[in-house]
Amino acid sequence: MSAIEKNGPAPSTVCIIGLQWGDEGKGKIVDLLAENVDLVVRFQGGSNAGHTVVIEGDEFILHLLPTGLLRKQTICVLGNGMVIDPVQFAREIDELKEDGVDVSDRLFVSNRAQIVMPYHRLLDIAMEKARGESSIGTTLRGIGPCYLDKVARNGVRAGDLINPKAFRAVLERNLPYVNRLLHKGYDQPEVSIEAVIEEYTPLAKRMKPFVVETAGYLNRAIDEGKSVMFEGAQGSLLDVDFGTYPYVTSSNTSAAAASIGTGVPPRKIQNVLGVLKAYTTRVGAGPFPTELLDKTGETLRSVGKEFGATTGRPRRCGWFDAVITQYTSMISGVTGLAITKLDVLDRFETLQICVAYDLDGQRTGEVPADAESLAACKPVYEEYPGWQTDTSGITEYSQLPDNAKSYIDKLSRLVNVPVEVVSVGKDRRNSIRVT
Ligand code: GDP
Ligand code: IMO
Ligand code: MG
C-alpha cells in the first residue's frame, strides 16, 4: 500500500520524516497529506523545528505544534518523546487563534513529555559559547540541555509541571545541580526556585487542560481503525545516533523514534514517507560534502529562499547527494518519497547528482561515521540536463518536462524507493501526486 492513495482511503499509519539535514519541506507534505487523516502526532524535538505551510497564499510557521492543526478536523498530539517549551506552547496557540485556527478539544500533550525550563535555554547559550570555534550552531531553544536532563533523570515532565506540589518537589531536587552547572560550570547567575515557579505557574495553568496520557489513547485510536500520521522534525542526518555526530540535534529523528516517542509499537507503523529536497541544504555547523560555496550555491539560496524558519540564518546549499539519502532511507526503512522544491531547479542548464564519494583516492558509497572523514569526502558527480521550464503550475506528473521526469526517476532509482509526491511550489496546491 502506498503512503497516500490518490483517490482512495488514507492508510492507517504513516511516519513522515526528512532524509537530509532538515527543512526538506516536511510541514508542507504533512499538511498536504493530512487531508484524510484523523490524528497527527509529533514524537521528538521541540521548538527547534520550523515547519512552513502555505495555504492559498497564507503562510503559517509551526515550531512546536503539529502541522496537522491546520486541517480543522484533525486531532493532534505532542508525544512523550518531545521537549516542550511552555512559553512557545502558549504563544503558538495564541498565534493560531489570531489566524482563525482553534485548537481546543483537538490538541493533547503527553504527560510524559519533557518540559523545557528557563535554565535549559540559558545553558544552551552558555554551552554553545563555551564550545567556541567548534560550536554546533544550535537553535538556542534549550533542546540539548533539556534532553540532557531527561537522560540524567533530572527532567521535569508535563505531568509534574501541572501539579504544583510535584513541580516544587522536582525543582527542589534538581535546582542545586542545575545551579552548580550554571554557576561553577558556565559562570552564569544561579536561578531561584521561586522565580521559576512564578514564571511557569501561569504557563502550567494554560497547559493543564491539554495534558493527558497519550500512549493508550493513540493505540486505541489505531485499533479502532483511525488513521495516524507521525510528523518528524529535523532531518535524519541530525539524528543523535545516525547523523553527522556531534553536529546533530539531541534526539533520534529517524522513523524508529516515532515508536519510542509515542508508545505506538513498531509493528503498528505501516509506512514511512521520506521527504527529500531536490537538492540539499543544511543550517548550522558540520560536514556537508556537496555544499556549493560559489555562485550556484547562492542561486539555490536566493531562488529557494533558503533562510531558516526558526533562526532566519542563511541555509548552506548544495547539489543532491544520493550517498546520504540512500543511507538515511535505509535507516528508516522508507517506503515512499516526497521530492520537494523541484521548481527551484527550473532555471538550471545542467544539474549535478552526487552518486559516490572519493575518500583518500578510494571511491565509496558509504557515509563515514566520523564528521572529519565525511568532511574529507569529495563528491563524485553525474551531470544531468536541466529542463529550463517553469514547473510551478503543474499538477499532473505527465505534464512535467521530460528532463524533470528523468531527474526525479534518477533520484528514485538511486534511493531505490518509489516517488509518491512531487512538490513544485510552497503552496498546498503546488503539488503533484505520483502514485
Ligand atoms: P520543514 O522544516 O521540513 O517543514 O521545511 P521548512 O518549512 O523549514 O522549509 C521548507 C521551505 O520551502 C519553506 O519555506 C516552504 O514554504 C518551502 N517549500 C516547500 N516545498 C516547496 C516547493 O516545492 N517549492 C518551493 N519553491 N518552496 C517550497
Ligand atoms: P526542521 O524540523 C534544520 C539544527 C541546528 C543545529 C543542530 C542542533 O525545521 O527540519 P538544536 O537546537 O536542535 O540543538 O540544534 O540542528 N537543527 C535544524 N536544522 N531544520 C530543523 O528543524 C532543525 N532543528 C535543529 O541548526 O545545527
Ligand atoms: Mg524547517
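Identify the residue in the range 355-382 that is part of a helix (DSSP H, G or I) and of a type outside the set (A, V, I, L, M) and, among all such residues, is surrounded by the most Cβ atoms within 10 Å (Cβ to Cβ). Walk me through it before giving the result.
The first filter runs over the range 355-382 and keeps only residues part of a helix (DSSP H, G or I), leaving 371-376.
Add one more test, that the residue is of a type outside the set (A, V, I, L, M), and what stays is 372-373.
Details: 372: 8, 373: 16.
Among residues in the range 355-382 that are part of a helix (DSSP H, G or I) and of a type outside the set (A, V, I, L, M), the one surrounded by the most Cβ atoms within 10 Å (Cβ to Cβ) is 373.
In the range 22-38, the residues that are within 10 Å of ligand 1 (Cβ to nearest atom) form Cβ pairs under 8 Å with partners that are among the small types (Gly, Ala, Ser) and in a helix (DSSP H, G or I), at six or more places apart or across chains, as follows: 30/68; 31/68. Of everything listed in (1) away from ligand 1 (no atom under 16 Å from the Cβ); (2) over 24 Å from residue 379 (Cα atoms); (3) surrounded by 21 or more Cβ atoms within 10 Å (Cβ to Cβ), the single unmet condition for residue 196 is (3). Of all residues in the range 283-304, those satisfying the criterion of being of a type outside the set (Gly, Ala, Ser) and in a helix (DSSP H, G or I) are 295, 296, 298, 299, 300, 301, 303. Under the condition of being in a strand (DSSP E or B) and within 9 Å of ligand 2 (Cβ to nearest atom), which residue from the range 24-60 is surrounded by the fewest Cβ atoms within 10 Å (Cβ to Cβ)? Looking at residues that are in a strand (DSSP E or B) and within 9 Å of ligand 2 (Cβ to nearest atom), I get 52. When residue 72 is tested against (1) outside any helix (DSSP H, G or I); (2) among the basic types (Lys, Arg); (3) under 24 Å from residue 150 (Cβ atoms), only condition (3) is not met.
Filtering 273, 293 for residues that are over 16 Å from residue 81 (Cβ atoms), under 15 Å from the mean Cα position of the chain (by Cα) and more than 14 Å from ligand 3 (Cβ to nearest atom) leaves a single hit, 273. For residue 308, are the conditions met, namely being at pLDDT below 95 and in contact with an Asp or Glu (Cβ under 8 Å, 6 or more places away or on another chain)? So residue 308 passes the test. On the given criteria, is residue 20 polar (S, T, N, Q) and within 16 Å of ligand 3 (Cβ to nearest atom)? The answer is yes for residue 20. Pairs linking a residue in the range 200-217 that is of a type in the set (Lys, Arg) to a residue that is assigned to a helix (DSSP H, G or I) and surrounded by 19 or more Cβ atoms within 10 Å (Cβ to Cβ), with Cβ atoms under 9 Å and 6 or more positions apart or on different chains, are 206/86; 206/89; 206/93; 208/161.
The values are calculated or read from the model by the stated rules, or taken from the named source; none is laboratory data. All of these numbers come straight from a predicted model, not from anything done at the bench. With ideal geometry, Cβ positions are generated from the backbone for all residues, glycine too; neighbour counts draw on all protein chains shown.
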